[in-house]
Amino acid sequence: MNHAPLLTARGLSKHYGPRIGCEAVSFDLYEGEVLAVVGESGSGKSTLLKLLATETPPTAGSVHYRMRDGAVRDLFALTEAERRFLLRTDWGFVRQDAREGLRMSVSAGGNVGERLMAVGERHYGRIRGTALDWLGRVEIDGDRIDDLPRDFSGGMRQRLQIARNLVTHPRLVFMDEPTSGLDVSVQARLLDLLRGLVAELGLAVIIVTHDLAVARLLSHRIMVMRHGRVIETGLTDQVLDDPSEAYTQLLVSSVLAA
Amino acid sequence: MTEPLVSLTGVAKSFTLHLRDGMRIRVVDNVSFAARPGECVVLGGPSGAGKSSILKMIYGNYRCDTGTIAVRDGEEIVDVAKAEPRRILALRAHVMGYVSQFLRVIPRVSALDIVAASAAESGLSRQDAWCRAERLLTLLNVPERLWSLPPGTFSGGEQQRVNIARGLAPDRPLLLLDEPTASLDAANRAVVVRLIEEKKKAGAAIVGIFHDEDVRDKVADRVVDMAAFATEKAA
């Protein structure tokens, strides 16, 4: 176990004029740790994810990340080349809408192979072989390798997006509501797949979700956000079974038991 | 005398129900006891005395308001009441296990995989984990034709026995048992008693709740009366 955090956020804030996106968020994330960020829409959880993934600059605060060579870097002081390396290799980003995370006019195999080529793989046979292997791991039939994602169902697209992200063996994956918008049975399959891959690959994950059942199944730790602030944080089962804040108690008690 | 594996000192807990105008429910007050290797401490007292809450607090599932919950991890003593989430997760992986009567079913994972994966978590090799899973499912009379199926469709009793197998499969020095034998038939109760005896002989410390007097008398080295701690309810 490495005792230094992989990612450290301190006092992270984002203001849009007078409106608060998120305010003074601080946490550490370790390798192999799955952190769920929960809250209702408008709570600031997606803003937080965008800040962490360096898609938007913060108004205040910092994020530090331990690179593969062990050097700890300020994410908002990276060169463009370093940032590209992180986005293409060391990080993944699984988006709610697979159309934003995939290239819809490129074949399934091409979607997976593209990230490999970005890290320097040139051998066509090896790229295709790896792509085929990853399609199998996300339970997509190998004979769909040359098909376009637009011909895939919602669940298949989401699984393809996961393969595209994991093929470069990232250490950190951001996930933004990866299961919402899918049928319940499709959700269960995707969650089971994610749970297995995350444990097998020892991934660190920051997953934004409004679904407490998803948080319970996938995450070790949870942060509850409201009005841009983190109002409660701790072990996932502790926060869900013994919530201390009024808002968290409301969230937990609002879930319908099936 | 060997050092305790778990030791509670002055532990108190209450729930504040914000959705009920901040009503406070006191669960336990000033609880102190310890369990040593090879010892089974049974929590006694009426329903509502806070027995399950104490087990959940030791496991880090419920927060502890005051007091210390010292769990021994090798040479190190960890206070669960104040430990970081990742420290508690490490304790759960290597030191303490929790068994209730309810199985949280995960779609698509077979009964045998559930039990074997649980055994592997505590460090057993793949081969040993499978052997142990097969032995436990056999002992607990889970029919072999069910082993490769996810337990979602099993009867309540079958799910309960898979859950016991899962809970007892790993080698962990501290076991928290929350009425694992409730509603089991006599034959399966006897199996659980035998498995608990095996764990004690192997040096595990056990803190448990058993409503069944027959089971309690067989496994308990000591009974800690929770009613003695639960002062002034509903303050």
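Contact order, relative form, for the range A:7-253: 28 percent (alpha carbon pairs under 8 Å, 6 or more residues apart, mean separation divided by residue count).
The label-point distance for residue B:19 and residue A:255, in a model that sets each label 7 Å from Cα toward Cβ, rounds to 1.2 nm. Over 19 Å apart at the Cα level, from the set B:13/B:199; A:14/A:50; A:14/A:45; B:13/B:200; B:13/B:82, are B:13/B:199; B:13/B:200. Working from the Cα coordinates of the range A:4-54, the gyration tensor eigenvalues give, after taking √(5λ), semi-axes of 21, 13, 8 Å in decreasing order.
Spin-label pair residue A:231-residue B:127: with each label point 7 Å from Cα along the Cα-Cβ axis, the two points sit 5.5 nm from one another. Among A:246, B:101, B:6, whose Cα lies farthest out toward the positive end of the dipole of the protein assembly as shown, if unit charges sit on the beta carbon of Lys, Arg (+1) and Asp, Glu (-1)? The residue sitting most towards the positive pole is A:246. Amide hydrogen proximity for residue A:173: with H placed 1.01 Å from N in the peptide plane, the residues at 5 or more positions away or on another chain lying under 5 Å are A:92, A:204, A:205, A:206. Among residues other than residue A:181 whose Cβ falls under 13 Å from its Cβ, what is the net charge (Lys/Arg +1, Asp/Glu -1)? Summing Lys and Arg as +1 and Asp and Glu as -1 gives -3.
Taken over the Cα atoms of the range A:7-253, the convex hull encloses 128 Å³ per residue.
With Cα atoms defining each centre, the range B:94-159 and the range B:192-206 are spaced 18 Å apart in the structure. Note on residue B:51: aspartates and glutamates with a C-alpha under 15 Å away, same-chain residues under 8 apart excluded, are B:29, B:178, B:179, B:212, B:225.
Sequence-ordered 3J(HN,Hα) estimates for the range B:6-18 from the Karplus curve with 6.51, -1.76 and 1.60 and θ = phi - 60° stand at 9, 9, 9, 9, x, 7, 10, 8, 9, 9, 10, 9, 5 Hz, glycine and proline given as x. Neighbour counts of C-beta atoms inside 10 Å place B:86, A:103, B:166, B:145 in the sequence B:145, A:103, B:86, B:166, starting with the fewest.
For residue B:14, the residues 5 or more places off, or on other chains, whose built amide H falls under 5 Å of its own are B:27, B:65. Working note: Karplus 6.51/-1.76/1.60 with θ = phi - 60° gives the range B:35-48 the couplings 10, 9, x, x, 10, 10, 9, 9, 7, x, x, x, 4, x Hz, where Gly and Pro are set to x.
Once R0 is set to 51 Å, what does the formula 1/(1 + (r/R0)^6) return for the Cβ-Cβ distance between residue A:80 and residue B:105, expressed as a FRET efficiency to the nearest 0.05? With R0 = 51 Å, the Cβ-Cβ based efficiency is 0.60. From the largest down, the range A:61-169 spans 45, 31, 22 angstrom on the principal axes of its Cα atoms. Counting only Cβ charges, +1 for Lys and Arg and -1 for Asp and Glu, the dipole size of the range A:102-247 around its Cα centre is about 560 debye. Taking amide H atoms as placed 1.01 Å from N in the peptide plane, the amide H of residue A:232 lies under 5 Å from those of A:224, each 5 or more residues away in sequence or on another chain.
Estimated purely from DSSP H runs of n ≥ 4, each contributing -39500 (n - 2.57), the mean residue ellipticity at 222 nm for the protein assembly as shown is -10500 deg cm²/dmol once divided by its residues. The phi torsions of the range A:158-173, fed into the Karplus equation with coefficients 6.51, -1.76 and 1.60 and a -60° offset, translate into couplings of 5, 5, 5, 4, 5, 4, 4, 6, 8, 4, 8, 6, x, 9, 9, 10 Hz, rounded to whole numbers, with Gly and Pro shown as x. Summarising the strand pairing of the range A:7-253, around 55 percent of its internal DSSP beta bridges are antiparallel. Each of B:182, B:211, B:162 was placed along the dipole of the range B:154-227 (beta-carbon charges, centred on the mean Cα), and the one lying farthest toward the positive end is B:162. Using only Cα atoms and rounding to the nearest 10 degrees, what angle (0 to 90) does helix B:186-201 make with the longest principal axis of chain B? Taking the Cα atoms of chain B, the angle to B:186-201 is about 70 degrees. Sorted ascending by nearby beta carbons within 10 Å, beginning with the fewest, B:218, B:199 become B:218, B:199. Each Lys and Arg contributes +1 and each Asp and Glu -1, all at the Cβ; summed about the Cα centre of chain A, the dipole is approximately 700 debye.
Readers should treat all values here as calculations from the given coordinates under stated rules, not as data from a laboratory. None of these values were measured; they are calculated from a predicted model. In this analysis, Cβ positions are derived from the backbone assuming ideal geometry, glycine residues included, and neighbour counts consider all displayed protein chains.
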